[in-house]
Every structure is written in structure tokens, then in C-alpha cells.
1. Can you tell which of ILE156, ILE150 is surrounded by fewer than 15 Cβ atoms within 10 Å (Cβ to Cβ), among the hydrophobic types (A, V, I, L, M, F, W, C) and either in contact with a strand residue (DSSP E or B) (Cβ under 7 Å, 6 or more places away or on another chain) or closer than 26 Å to GLY379 by Cβ (or both)?
2. Between residues in segment 338-356 that are open to solvent by 50 Å² or more (accessible area, probe 1.4 Å) and residues that are more than 16 Å from the ligand (Cβ to nearest atom) and among the charged types (D, E, K, R), which pairs lie under 8 Å by C-beta distance while being six or more apart or on different chains?
3. Taking the conditions exactly as written (buried (at least 19 other Cβ atoms within 10 Å of the Cβ) and under 25 Å from the mean Cα position of the chain (by Cα)), does GLU312 satisfy them or not?
4. Go through segment 110-130 and give me each residue that's within 22 Å of the chain's Cα centre (by Cα) and assigned to a helix (DSSP H, G or I).
5. Going by what's in this entry, would ALA289 be described as open to solvent by 10 Å² or more (accessible area, probe 1.4 Å), at pLDDT 95 or above and over 19 Å from SER96 (Cβ atoms)?
6. Over 30 Å from ASP230 (Cβ atoms) and without any contact (Cβ under 8 Å) to a residue 40 or more places away in the chain: is that true of GLU360 in this structure?
7. Taking helices (runs of 4 or more DSSP H) that fall entirely within segment 360-453, which contain at least 3 residues that are open to solvent by 30 Å² or more (accessible area, probe 1.4 Å) and farther than 30 Å from PRO75 by Cβ?
8. Count, please, the residues in segment 120-153 that happen to be within 15 Å of the ligand (Cβ to nearest atom) and either over 18 Å from TYR273 (Cα atoms) or out of contact with any Ser or Thr (no Cβ under 9 Å at 6 or more places or on another chain) (or both).
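The values are calculated or read from the model by the stated rules, or taken from the named source; none is laboratory data. The model shown is predicted, which means the values in this text are computed figures rather than measured ones. Every residue, glycine as well, gets a Cβ built from its backbone with ideal geometry; the counts of neighbours run over all protein chains shown. Note: accessible area is taken over every heavy atom of the protein model, side chains too, but ligands, DNA and RNA are not part of it. Shrake-Rupley method; radii C 1.70, N 1.55, O 1.52, S 1.80 Å.
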Amino acid sequence: MGKQKATGENLILKKMKLKGNSRRNFVRNGTLTGIGIGIAGSVTPDLISGSLKNIDIPAILGGDKVRTKGWPDWPQWNPATDEERVIEVLRSGIWSRRHTVTEFENKWAELIGARRCLTTVNGTNALICAVKNLDIGAGDEVITSPFTFIATPLSILQNGAIPVFADIDPSTEQIDPDKIEEKITSRTKAIIPVHIHGLPADMDRIMAIAKKHNLLIVEDACQAWLAEIDHKKAGTFGNAGCFSFQNSKHCPMGEGGAIVSDDEEYMDRCYSYHNFGGLKIAGSKMRLAEYQAAIGLAQLKRLEEQTNTRNENADYLRSQLQKIPGIIPHRLYPKVTKAAYHSFPLRYKKEEFKGLPREEFIKALNAEGIPCGSGYRAGLNTAPYIKDAFDSKNYRKMYSSEELDFDNYVAINQCPANDKYCNEENVKFTQKMFLGTKSDMDDIVRAIEKIYNNAGKLVSKL
Ligand SMILES: Cc1ncc(COP(=O)(O)O)c(C=O)c1O
């Protein structure tokens, strides 16, 4: 590969020398001086065969794409190794919770390093069950991150408690421990840190805060399968950790979730709750099905290897992107020994791209064959679903009208760092792009470099 690229560069240099160009001029004209991604890395067979012009023009303006091949599919499934167990379950006629679910739970507990695991219908209900069985409810405040999926605050509202939002550190995109401390009141009962995108939150600081203020911790690890802080898995730091196995997730089974904990009594309670409550408690029904567990068992065979591949590629991409002005890859909190990389986020600074708006940057990257998006929208911390809960009969019975004053709620739950991150800066690449090779990562770098080089042209065409 390297040899091919060098050969390509030499061919082009030969052509240019004939036209009186030197190597120095070529490098100066064709690349970002000093960012370390030389034009040699951008040489493709197209260039060698002579269409020099087109590859330098952004694809969105009619040039050739940096990448024409696709990306890995998701979810992944190998009929030869994955179907036998699922078919066995189907043919047994036992589709409701039995030994396949138990087998998956035992394996997940072992993999995560927790004493117990209970599966549930999905991650949302894992969170609801975990919160409920820690006796978090009416009158309690639960601090969480505004940069998450709506299921996190819903698990607080579904239990009759009040979500309180602590702003994020945009460099890690995780909840900022300093902001957590500012939000603690006499009503604070728990914190739900979210390891968003599988990039672990600072659990050292969060656990210290919890200890100091006697708070419970439910980790939303729904995107953090096998992520680690100092070799200890995300989801095993707090009183409970919750996971999702929904279709887009890294151990997909269509729908599914899990709670892990070392507290046997608590897990017995959660088990009972997820299975109607057994006449003793007012439970619900949240059971995983046998065929879902069979799919999960097949997915487990590839999870560790895929996680390692994602980490290798993400580390490489982060190191390359750091060299491009205006592109700030996420920072991993220093004690992270492994991330899950459900997404690879970065901060885009349009000032360095001649003012090219983020949405146009994303469109231009997509046109180059590099899928990416702008991530979560701002406003989860003040959106109408919270008012809807506050307006409900239950909330009006549980809280005073002052406590449910929504204008006041909005005023004290502002998260300006999260707003800026979501509205202006966040760009993310999805997990399946990290299952390939370094050369796939080079395509991402090359495409961004091309947009950087042509930012002025792109802005003038808006
Ligand atoms: C951070 C987070 N929490 C909770 C959930 C809920 O999981 P599920 O979709 O399995 O209900 C998700 C799912 O996307 C999530 O990303």
C-alpha cells in the first residue's frame, strides 16, 4: 500500500517537473503545510491516471469523491456460526424467558465483572427498574447529563422524581463533576452519569462526590459495553449499571437491556420487579425472550475483538485529526483504558474553515463518501416532555405548584456548554466505521483535509 502511494506520487512529480514545478512547490500548493498529512497520502489511482483536477475539487462541487466504497454493515451476522443456537430455541417452542436468558446473564456478568446481571426488554426499562428498586421516587432529585438519549431522564420521570441537569465538559462530552457539585441540594438522592458514546465519564470524581453527599449512583452504560476505567468496566462503579442491546448497539439483539450490580439483595428485588413482583411487590413485566438471548450469545463472540478494533482505529484517527486546524477530537478522561466508541465525536471550529457552517461541513463530508452527523440536539434539559410529566395528575399530587414551576425549572437547568456543543460544534462518526482498517481512517482524514483546503470555495458557493 505504502509502496503504491509512493509510486503514485513519483509519477505525478515527474509530470509536474515536466511543467517546471518542483517537489517543494507541489507540497506547498497541494497540502496543509505542517499538519503531517502530505499529498503523498492523498494519491489515488485516479490521480495517477491523470484526473488530477477532479480529486482536488470537493465532491459536493462536482469533484471526485475521496471514498467510493462503502462501510461495514450493521448489525453483523454469520449464518455459519450464529444461527444454530437461534434455530434451536425456535424449534424448542420455549421462547419466553428460560435457560438461554440465564446463560446470557451469567456471561454478561462475567464479562463486565459484576456479581449479578438481570436482562430486561430494553435499556430504557433497565434504567427504570434500576432507579425504582433503589427507592428513588417522589420528592427526590436525580442529577444527570443533558448530553444523552431521552431514556435517561425518562427513567427519572417514570419513577416520579425530578431530573436535574449538570452541564458537560465539551472536551470529553461527559457530565462535568464540578457542575454536579453545584447542583446538589438536600433533596438530591442520586446521580445517573451517562458514559455517552461509550467514552467513560470521570467515575473517580463522581464516586467521591456520591460518597461525600451520601448519594446513590446508577450508571447509564447503555452505550458503554466493555468500556473501562483503569481496567474496571463501565457499569460496575455505582450501585447499578444499565446496558442496551438494541439493534444499533454493539451487542445487538433487536431490543434488550441489562442491569448489573454486586448487591445480591437489590438484584433479587430487581428480578422480582421485572417479573410482575411475585405478589409481594407491585412490579412490572420486563423479561427478555429466549430468542433475543440466543442472538445476544452469538453477538458476544465478536464483541471483544470488535471493541479492540474500534479502539485501535479510533486512537489512530484521533492522532491524525489533531493535526488539522479547527478539528478537535474528543479527549478521553485520562484513566480510560478502553472506550466503546459507539460514536467518535469531535468539535468542529468553523472559524478555521473560513466560516463554513457545521451543517455544510457535514454535507461536504457526506458527499466525499464519509458518513457523519451532528449528534444529539440541544435542549433535552428543558424540553416539553418534562413539563408534560409536571402537568400530570401524579406529579401535581406529589409536588407543590412552586416545585413544578416550569419557568423556574428551565432557569435553573440551563446547560450552556452543552447547548454550544450540540448547536455549533459536535460532529460524529458512527461505530461501524471503526471496524475496518487504518486506511479507512485515512479516508476520513483525507476528506476533512480536502474540505479544509477548499473551505473558501465552499463558503463562496453558499
Ligand atoms: C444513553 C442511552 N441510555 C438509554 C438508552 C435506552 O436503551 P434502549 O433503546 O435499549 O431502550 C439508550 C439507547 O439508545 C442510550 O443510548
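1. After applying the criteria, what remains is ILE150.
2. Filtered contacts from segment 338-356: LYS350/ARG358; LYS350/GLU424.
3. Against the criterion (buried (at least 19 other Cβ atoms within 10 Å of the Cβ) and under 25 Å from the mean Cα position of the chain (by Cα)), GLU312 does not qualify.
4. LEU111, ILE112, GLY123, THR124, ASN125, ALA126, LEU127, ILE128, ALA130
5. no
6. no
7. Here the list reads 384-390, 393-398, 406-412, 416-420.
8. Looking only at that region, the number is 13.
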